[in-house]
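What follows draws every value from the coordinates through simple rules; no lab data is involved. Note that this is a predicted model, so its numbers are computed, not measured. We place every Cβ from the backbone using ideal geometry, glycine too, and count neighbours over all the protein chains shown.
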Amino acid sequence: MTNIFSFEVLSGVLRTMIALSTPFLFAALGETFSQLSGVVNLGVDGIMLLAGFFAFYAVLLTGNVWLGLLLAMFIGLLMGLIMSLVSVTLKAQQGISGIGLQIFGLGMSSLLFKVLVGTVKTVSGFAPIKIPLLGDIPFFGPILFRNNFLVYAAFLLVPVSWWILEKTTLGLKIKAVGQNPAAADSVGINVNRIRYFSVCLGAILAGVAGAALSISVANLFQDNLTAGQGFIAVALVYFGGWSPIGVLGGALLFSFATSAQLWLQVLGIQVPASLAVMLPYILTIIVLTISVNRGKQPAALNKQFFRGEN
Amino acid sequence: MRIRLPRTTSTDHEHGKGDWFEFMLRTSFPFLGVFAALFISAFVLLLLKTNPIVAYGAMLQGAFGSINGLSQSLVKATPLLLVGLGVCIAFKASVINVGGEGQIILGSIAGTWMALTFPDLPKVVLIPACMTAGFLAGAFWGFIPGMLKARFKVNEILSTIMMNSIALQLLNFLLQGPMMDPEGIKAGTFLAQSARLPESAWLARLVPRTMLHSGVYVALAFAVAVYIFLWRTTIGYQIRAVGLNPQASHYSGINVPFNQMLSLTLAGGLSGLAGVIEVMGVHRRILEGLTGGYGFTGIVAALLGSLHPLGVVPASVLFGGLLVGANTMQRAVQIPSALINAILGLIVLFVSGSALWIHQIIKKRKTATMVVSPTKETQA
């Protein structure tokens, strides 16, 4: 048996971890924007599924990954508009409308997949780009600097999100709307517009997350491809304390757990597969339990805003 | 901060307060959502080069067009009703139970275990014992997220979804190991299913050559029981009070977290009961894919039934029919039954999106009929 503590295995685990963290990062960073503006979008999983399917289908037909990515973003935007319309304009209870969006995405992606594709097929997704010099660093090079465009973009999105939220007026407005919509309204911020923007931005990123899954990580599509990863991404926002840096930590932790579990199976270590698959979900519950009560939650999270009545 | 009644719990039917217009609006509107969802899906069908009228016709015919179809629809309505009743209880306390799938699995595991462990018990003892075991196991699976919400304010939607995934893996583990059918191991088929239940644990079949079983009576009895529980008992009153106005409930001495935990536990119990009844009535063993999405469809049934225990009865029959009809449609026009999930999702979006709007119409109408109303209703 291979020594599980060898450099090769560790490098493999970390490479898989980086790849698996991409969908988590896009979805959870997007959800951070949405939640900071006060809207919990529980439809992330459904958006990932439908957008992931369209990205896959576009690549299957044309072979153009960029077209796939663009289509995924467009689907994300459309579903974000539906979510905003129902939750912001019509002021639905966000938990319910999010579940509706999830069921819709699950059903529609499964329907289209079965009618248009039928069987599981693979596509060639985003190709790895080796960064000159850095990619040649022993051990770290292959892990960090020989990834594809989406992986680099996901990690770049962490500081970018942080910058938007902490250093720009837009970020300030988003957080103001999530903390105290009435106060934000009274100083002339259009609460609904900011919430539309944040939810749609989050949904577009969820679309990218779906594409990352179907044309970057797995390079295939199947029924319920996400297996609840969208919900884990929502949980990561709580874990990350509504900060992009925290979300990064959570995404790495989860993808490390998943990656380690996959490698255990590859190495033939005897753990019943179903019990190993259970771990990330148990981890999510534990993480939610220890991270919710830190008082960082946006005050108006999950609350509808009624103008002039609060 | 001023205490304000939550706007979106607009589905509470208080006795004496509602009038006919309000009742009709609240009950009929969700069904308009069904038509809207079917209408939108018709365009998807057209894009997929299928005639929606033919597809929906096949669906209707399959669901309600024959004794066989009708029986099958009622078979599917049974778990939907039980899960939906649980969702109602939880929703009355402002808790959303998305954990139906996992609770069904736990209930079916416990019930199967009970029947296989005590096969020699007489029918009158074994069947109630199995149902109790299923209820308790499902309740336990609802209690965990309930307790986490009460104690640590963990978002119950996320935790119940995670509990679903955990239960699914637990079932896979059991069916591929400890609970695998010894017959299958002997025959070398290794099917992921348990041994067949002893005959003393089978629910009676009601219509010859169909699966319709006596569990449907149990579900109906629980619909009445849940109605009585919510509107005629103190605990039921407290649960509703918590949902209507948590702050006011807290100040009047009601333990809000406890009631939310209790409602989620009861919801889990009802879903667990759905699971064990599905095992005893339909499959007579536990197998993969047993939940059939009932945990999610039950939520939609509850919403469509205006979150009222008696409203869930027709709603679950409708959705039971949709599920059966979807299979007929799949055979007739080769459109995968996954279409139903897309329709269900649209219904949820429609119903949740229109809740406030209906509430405002009713409010406006009430204010208009009031002769003098100097104070704003929101200050009550």
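Assigning unit charges at the beta carbon (Lys, Arg +1; Asp, Glu -1) and nothing else, what dipole magnitude in debye, to the nearest 20, does the stretch A:7-294 show about its Cα centre?
That gives the stretch A:7-294 a dipole magnitude of about 320 debye.
Quick one: which residues, 5 or more positions from A:Asn148 or on another chain, have an amide H under 5 Å from its amide H? H modelled 1.01 Å from N in the peptide plane, none for Pro or chain starts.
Sorted by chain and number, the residues that satisfy this are A:Ile129.
Running a GNM on chain B with Cα contacts under 10 Å, which residue among B:Arg196, B:Arg232, B:Arg284 ends up with the highest mean-square fluctuation?
Maximum among the listed residues: B:Arg232.
Taking 25 Å as R0, compute the FRET efficiency from the Cβ-Cβ separation of B:Thr367 and B:Tyr237 and round it to 0.05.
Numbers: r = 27 Å, r/R0 = 1.07.
Once the sixth-power term is evaluated, E becomes 0.40.
Enumerate the lysines that A:Lys167 could reach by cross-link, defined here as Cα to Cα under 24 Å, with residues fewer than 8 away along the same chain left out.
A:Lys175, A:Lys296
Cα to Cα, under 14 Å, and not fewer than 8 places away if on the same chain: which aspartates and glutamates meet these conditions relative to A:Lys114?
A:Asp223
In a Debye calculation with equal point scatterers on the alpha-carbon sites of the stretch A:7-294 and no solvent, what is log10 I(q)/I(0) at q = 0.08, 0.12, 0.15, 0.16 Å⁻¹?
-0.33, -0.75, -1.15, -1.29
Give me B:His283, B:His308 sorted ascending by neighbouring Cβ count inside 10 Å, so fewest comes first.
Placing the least packed residue first, the sequence is B:His283, B:His308.
Please give me the summed charge of the neighbours of B:Pro145: other residues whose Cβ is under 14 Å from its Cβ, Lys and Arg +1, Asp and Glu -1.
So the environment of B:Pro145 carries a net charge of +1.
Regarding the protein assembly as shown, what whole-number volume in Å³ per residue does the convex hull of its Cα atoms give?
Spelled out: Cα convex hull of the protein assembly as shown, divided by residues, is 169 Å³.
Find which of B:Gly311, B:Thr112, B:Ala221 sits farthest along the positive direction of the dipole of the protein assembly as shown, computed with +1 on the beta-carbon of Lys and Arg, -1 on that of Asp and Glu, about the Cα centre.
B:Gly311
Return the whole-Å distance between the Cα centroid of the stretch B:28-73 and the Cα centroid of the stretch A:113-150.
One Cα centre to the other: 43 Å.
Length gain on complete extension for the stretch A:Thr62 to A:Ile129, per 0.36 nm per residue less the alpha carbon to alpha carbon distance?
Stretched fully, the A:Thr62-A:Ile129 segment lengthens by 22.0 nm.
Lysines near B:Lys186 by alpha-carbon distance under 30 Å, same-chain residues fewer than 8 away left out - which ones?
Of all the lysines, those that pass the test against B:Lys186 - Cα under 30 Å, at least 8 places apart if same chain - are B:Lys123.
Taking a ≥ b ≥ c as the square roots of the Cα gyration tensor eigenvalues, with a/c under 1.5 meaning rounded and otherwise prolate when a/b beats b/c, else oblate, which class fits the stretch B:26-365?
Values: a/c = 1.73, a/b = 1.09, b/c = 1.60.
Cα axes put the stretch B:26-365 in the oblate bin.
Between B:His213 and residues 5 or more places away or on another chain, which pairs have amide H atoms under 5 Å apart, with H built 1.01 Å from N, and which residues are they?
So B:His213 has HN proximity to B:Leu206.
With the cut-off at 21 Å, tell me which of the pairs A:Lys91/B:Lys364; A:Lys173/B:Lys153; A:Lys303/B:Lys366; B:Lys92/B:Lys153 have Cα atoms farther apart than that.
The pairs that break the limit, which is 21 Å between Cα atoms, are A:Lys173/B:Lys153; A:Lys303/B:Lys366.
Applying the Karplus parametrisation 6.51 cos²θ - 1.76 cosθ + 1.60 with θ = phi - 60° to the phi angles of the stretch B:345-351, what ³J(HN,Hα) value in whole Hz is obtained for each residue in order, glycine and proline being reported as x?
Running phi through 6.51 cos²θ - 1.76 cosθ + 1.60 with θ = phi - 60° gives x, 5, 4, 4, 4, 5, 5 Hz.
What does the C-alpha gyration tensor say about the overall shape of the stretch B:227-380? Classify as rounded when a/c is under 1.5, otherwise prolate if a/b is larger than b/c, or oblate.
Oblate.
For chain B, what does -39500 (n - 2.57) per DSSP helix run (n ≥ 4), summed and divided by total residues, give at 222 nm, in deg cm²/dmol to the nearest 500?
Details: 14 runs with 267 residues, N = 380.
Theoretical 222 nm ellipticity from helices: -24000 deg cm²/dmol.
Please give the average number of partner chain Cβ atoms lying within 10 Å of the Cβ of each residue in A:86-95, rounded to a whole number.
Whole-number average of other-chain Cβ neighbours for A:86-95 is 6.
Pulled fully out, how much extra length does the chain show between B:Ile40 and B:Glu288, if you take 0.36 nm times their separation in residues and subtract their Cα-Cα distance?
86.0 nm
Amide H to amide H, which residues 5 or more places from B:Gln193 or on other chains are under 5 Å from it, using H placed in the peptide plane?
Close amide H contacts, sequence-distant or interchain: B:Asp181.
Would you mind working out the magnitude of the charge dipole of the protein assembly as shown relative to its Cα centre, with +1 at each Lys and Arg C-beta and -1 at each Asp and Glu C-beta, to the nearest 20 Debye? All intermediate terms of the calculation are to be shown ahead of the outcome.
Numbers: 41 positive and 21 negative charges, 267 e Å.
About 1280 debye.
With +1 assigned to the C-beta of every Lys and Arg and -1 to the C-beta of every Asp and Glu, and no other charges, what is the dipole magnitude of chain B about the Cα centre in debye, to the nearest 20? Could the numbers behind the result be given before it?
On the way: 26 positive and 13 negative charges, 177 e Å.
That gives a dipole near 840 debye.
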